[in-house]
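One structure below.
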Amino acid sequence: MPPSPPAPRLLLLLALLIACAASGVGCSGPRFAQLDRLRELHQRERRPAAEQVDAARGLLARLLPSHSASFEFRVVSTEQCGGKACFIINNHPSSDGEGTPEILILGASGVEISTGLHWYLKNYCAAHISWAKTGGSQLSSVPYPSSLPRVPAGGILIQRPVDWSYYQNAVTSSYSFAWWDWERWEKEIDWMALQGINLPLAFTGQETIWQKVFQRYNISKSDLDNFFGGPAFLSWSRMANMHGWGGPLPQTWLDDQLTLQKKILSRMYAFGMSPVLPAFSGNIPAALKLKFPSAKVTHLGNWFTVDSNPRWCCTYLLDASDPLYVEIGKLFIEEQIREYGRTSHVYNCDTFDENTPPLSDPNYISSLGAATFRAMQSGDDDAIWLMQGWLFTYDPFWEPPQMKALLHSVPVGRMIVLDLYAEVKPVWINSDQFYGVPYIWCMLHNFAADFEMYGVLDAVASGPIDARLSENSTMVGVGMSMEGIEQNPIVYDLMSEMSFHQRQVDLQVWVETYPTRRYGKSVVGLQDAWRILHQTLYNCTDGKNDKNRDVIVAFPDVEPFVIQTPGLYARTSKNYSTLASENYVVKDASNDAYEQPHIWYDTVAVIHALELFLEYGDEVSDSSTFRYDLVDLTRQALAKYANQIFLKIIQGYKSNNINQVTTLCDRFLNLVNDLDMLLASHEGFLLGPWLESAKGLARDHEQEIQYEWNARTQITMWFDNTNTKASLLRDYANKYWSGLLWDYYGPRAAIYFKHLISSLKKNEPFALEEWRREWISLTNNWQSDRKVFATTATGDALNISRTLYIKYLRNTDALGLDGMDSFGKPASL
């Protein structure tokens, strides 16, 4: 008898191994004994296979209920995947018509099964999945049950090239998650599973754990009222940047958040995820210092407060060399395990995140790192320290000796570093792969959950592959470490795939198919538009941080002569220089009132892409994903146009041209109101949901006022201020949200323009102090206001975009804006 043919799964594994060998692509990452031990623990402690399958089936029922019977899921061992986590997509062997499963998806966990489902929908049904605020999921292209596309005979096997897919930033919980209830968290955990995330941060509710720990030291609730920040500022009180601001936290908040955290963890574990819990970083309440006066405690310096006000700033940090440090750290880990019933053994601690150590001696730094880890290990003998590598990117303190001392302060394999900004400023390249310490290649991408169509798609498509295949690579995962979510869905759609790609993505092909998946229909004109957007907005190569500083949302707080304008000279040369420059900048280096808006692309080309959206939009106008992209693209173009109008206003002021200034100020303010109308046409650009979700977590009227104030303050001006001295943390978390523009940003600009025109009329210097007084008063009043804003979209996005394009962008020559650098580059695409 002839030999039996190999089983399909064996053929898949054999093909994968041959492909890896032939291409030179490594199919397994570096090995660290301690991480091997962690993998074994996760495998042994993972929820039963049936529970993981149930989690994946629940996801399917929520995502695509009409197809609940079309898929069968099974959990398989990593040995069946060739020793790595994987998913396998097969045609179901028993499919025989309506009502029976058509596709069989096998996976090493519920996460891999869910990712396999996403992979199938994306690549075989041309579907698209994104956050609800960015248009949601496009599933109209999925065929009806009993007619799903078949996969190639023998099936598809996709392995993870590295073990971990990390998600979140230490501040995402405040910028994006602050007001979430379980309904919203359930959707996010589904999204995580579909994207293959298996190592998410789980920071919710930790204040309640701290309350329990500090109670053992007779620290009362009232003692902690000045320690914990308010609901919108918890990230920064956790990191010892501030204390008390926005508080105190009601006991009901603490109790509700702990209940929510238990639901979050239960669902994450059900999928087979390994949630990362917080660890002690040394941050302590002032009351603890009083109870232990001999403890080694550092009083930290000011972090952006006005006049270093100790009411909010200058927190206390317990030195890791003090015996109390290990004691508290141990109690915190143990209390979490007791409260939650289990742990994934991975803990995040960022003692030096924007807090520079007092001494640079490597021996001292090594002792701090060792003690920090000892505190974790005392509570969990299998602890792994996960540390954000942001400090190595922004703080010049961390020279190689100091960096090496911290990284080598714990046994190799017991620390994993997040190369937090690897798509722009990779640390792994210049640190000899973190001096042998395992790390996760992360994409930071977004700061403060602001709005800017921006990305570095080429770096995302190649960076993780280059890092993994580099000589002596210590890379063990990929991650998304954005400060805020629900923006730029194309970037996250690509980045999530990088957890499963063995080689670089062909971006030309990927971008060409993206609009078809995103909108559910192939439209050549939109493919052309996205090709332009890839080469412009999503191809930033200047290496700069993209923090949105558009004039509308981050209005400059400076005397107008400080702002440089192209091609003009000042009315006086006594104090100011206004020689031509590429864009406006602050001449006085000591004045950090604002940063110049970031322009890295050909704005004319982007407007041409918008024209294609408008020309071909009728074909997909019923698509929420298209409407989101259209509003976002129109917003992007109009925001940069507004920057140029502002420069023309300043030019007119310097030229003493009151008619030009008056006309253009009116145009700027009209543009702000028109832009607000545009944003109102899609649910992803509304202020109302942010405020209403904050109020929705309140238990009484007093809490409702407090929570709304927190929500309004985070997106405007932090910290206290004097009548004429604004907080340094203003407009950092700015938002292009309908309601915010017409009710705050517009009135703020009007105040500045009023004083510009008055200065010209009276032939007097610009009244900078009066401007500040009125602006700060406006801000404080707005923060305390209770005005209600819409939570549902109004208006036709396509018609509004067309109207605004004709009004502002079709002929920029009318204002001479074509002669200005950032709006006058010739289209070259």
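So here's what we get for this one:
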read-out: Matching residues in region 664-678 - criterion: being of a type in the set (D, E, K, R) and in contact (Cβ under 8 Å) with a residue 12 or more places away in the chain; value: R667, D674, D676
read-out: Residue check, P426 open to solvent by 10 Å² or more (accessible area, probe 1.4 Å) and at pLDDT 95 or above; value: yes
read-out: The one condition in (1) of a type outside the set (K, R); (2) buried (at least 22 other Cβ atoms within 10 Å of the Cβ); (3) at pLDDT 95 or above that A605 fails to fulfil; value: (2)
read-out: Residue check for V410: free of Cβ contacts under 8 Å to residues at least 40 places away in the same chain, of a type outside the set (D, E, K, R), closer than 22 Å to D361 by Cβ and buried (at least 22 other Cβ atoms within 10 Å of the Cβ); value: no
read-out: Criterion violated by G477 - all others in (1) over 17 Å from the mean Cα position of the chain (by Cα); (2) open to solvent by 20 Å² or more (accessible area, probe 1.4 Å) satisfied; value: (2)
read-out: The one condition in (1) small (G, A, S); (2) farther than 21 Å from P149 by Cβ; (3) open to solvent by 70 Å² or more (accessible area, probe 1.4 Å); (4) at pLDDT 95 or above that S66 fails to fulfil; value: (2)
read-out: Filtered residues of region 34-44 (kept if under 15 Å from L199 (Cβ atoms), more than 29 Å from the chain's Cα centre (by Cα) and not polar (S, T, N, Q)); value: L41
read-out: All helices (runs of 4 or more DSSP H) inside region 158-275 with 1 or more residues being in contact with a Gly (Cβ under 7 Å, 6 or more places away or on another chain); value: 172-175, 182-195, 234-238, 251-271
read-out: L104 vs. criteria outside the structural domain of M495 (by the TED database) and in contact with a Leu (Cβ under 7 Å, 6 or more places away or on another chain); value: no
read-out: R311 vs. criteria within 22 Å of S222 (Cα to Cα), charged (D, E, K, R) and buried (at least 21 other Cβ atoms within 10 Å of the Cβ); value: no
read-out: Residues located in region 631-674, provided they are hydroxyl-bearing (S, T, Y) and either part of a helix (DSSP H, G or I) or open to solvent by less than 10 Å² (accessible area, probe 1.4 Å) (or both); value: T634, Y641, Y653, T662, T663
read-out: Some residue of region 155-170 being under 22 Å from the mean Cα position of the chain (by Cα), farther than 30 Å from V76 by Cα and surrounded by fewer than 24 Cβ atoms within 10 Å (Cβ to Cβ); value: yes
read-out: Residues of region 256-298 that turn out to be more than 27 Å from the chain's Cα centre (by Cα) and more than 14 Å from D223 (Cβ to Cβ), as a count; value: 6
read-out: Positions within region 518-546 being open to solvent by less than 20 Å² (accessible area, probe 1.4 Å) and either more than 30 Å from C665 (Cα to Cα) or assigned by the TED database to the domain that holds M443 (or both), in sequence order; value: R518, Y519, V523, G525, L526, A529, W530, I532, L533, Y538, C540
read-out: Candidate set: region 78-135, residues that are among the β-branched types (V, I, T) and touching a Cys at 6+ places or on another chain (Cβ under 8 Å); chosen: the one farthest from T513 (Cα to Cα); value: T78
read-out: Matching residues, region 234-265, being without any contact (Cβ under 8 Å) to a residue 60 or more places away in the chain and open to solvent by 20 Å² or more (accessible area, probe 1.4 Å); value: G247, P248, Q251, D255, Q257, T259
read-out: Residues of region 79-121 that turn out to be in contact (Cβ under 8 Å) with a residue 24 or more places away in the chain, over 17 Å from P143 (Cβ atoms) and acidic (D, E), as a count; value: 1
read-out: Count of residues meeting criterion [without any contact (Cβ under 8 Å) to a residue 60 or more places away in the chain and either assigned to a helix (DSSP H, G or I) or not β-branched (V, I, T) (or both)] in region 293-315; value: 10
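The values are calculated or read from the model by the stated rules, or taken from the named source; none is laboratory data. These figures come from a predicted structure and were not determined experimentally. Ideal geometry is used to build each Cβ from the backbone, glycine not excepted, and the neighbour counts take in all protein chains shown. Note: accessible area is taken over every heavy atom of the protein model, side chains too, but ligands, DNA and RNA are not part of it. Shrake-Rupley method; radii C 1.70, N 1.55, O 1.52, S 1.80 Å.
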